[in-house]
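Scroll down for the structure; my scribbles are underneath it.
Throughout, read-outs are computed from the coordinates displayed, never taken from laboratory work. Since the model is a prediction, treat every value here as computed from it, not as a measurement. Note that we place each Cβ from the backbone using ideal geometry, even for glycine, and neighbour counts take in every protein chain shown.
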Amino acid sequence: PDNYFGLFLFVFMIVMILVLNAVVNCHRFFLLGPDEMKKIKFFHFSGNELSFFGWFVLIGILSAIVSAFFTAFIAPFLGAIAPNFFESEDTSLTMLKMQLFAAVIQLPSTYLFAHISMLLPSSAVGRRDVSVRWAWNLVKGNTLRMMVIVGVLPFLIIMLISFLPSGDVFGIISVLLSLFAAAITIGFLSLSYEFLNNTSLERDGLEPSEEF
């Protein structure tokens with residue numbers, strides 16, 4: 001059993017490194033363009049991956065803390081005003097209610113993620129002069145748009161996937177839709193960073209090209 005666990009851990013770490021590298025390169029593709037990406041090898045470990053991973057972990061921890069506090073507040077409240085909210089003879093309706101409830105309790109963490117998500121694409125292209133305060137100020141005035149990009153769009157796709165019938169074919173479709181949702185989110189996140197960063201540079205009297 002110990003040998004199997006060690007093998008599982010090794011395979012898991014390899015998969016995570018590959019996924020991390022793929023996500024960072026995906027951000028780089030959207031921000032640097034295909035011509036620049038042609039110069040990069042298939043598995044290119046630039047060091048940006050560690051920075052990206054560090055910010056990703058920090059964002060995950062902060063989002064989890066916010067969600068936990070909000071859930072602890074709203075769950076008893078919902079139980080008091082609607083104790084039978086999740087009870088229904090229709091399984092699909094019950095699932096829909098649970099997903100809507102999950103969406104509501106994720107609103108504060110989505111708000112937080114929308115504000116500091118710019119740390120991810122910026123670290124993917126090698127920026128080191130960033131911070132939580134910088135990301136927060138960069139998104140200021142565009143919070144609702146960012147919440148749609150990092151929260152609403154992925155949630156709608158996940159809801160669509162959850163209502164697909166079971167089976168091998170639909171299982172493959174679910175995986176493809178999940179990958180599509182991830183790619184779309186990364187793309188919009190990267191393009192949002194480029195737009196907001198260029199707007200900030202122009203406001204400061206700098207050329208957008210000076211940042212990279």
Per-selection Rg to Rh, segment 94-134 - Cα, Kirkwood hydrodynamic radius: 1.24
Using DSSP to call loops (not H, G, I, E or B), can you name the chymotrypsin sites (Phe, Trp or Tyr not before Pro) in segment 134-181 whose Cβ has at most 11 other Cβ atoms within 10 angstrom? PHE163
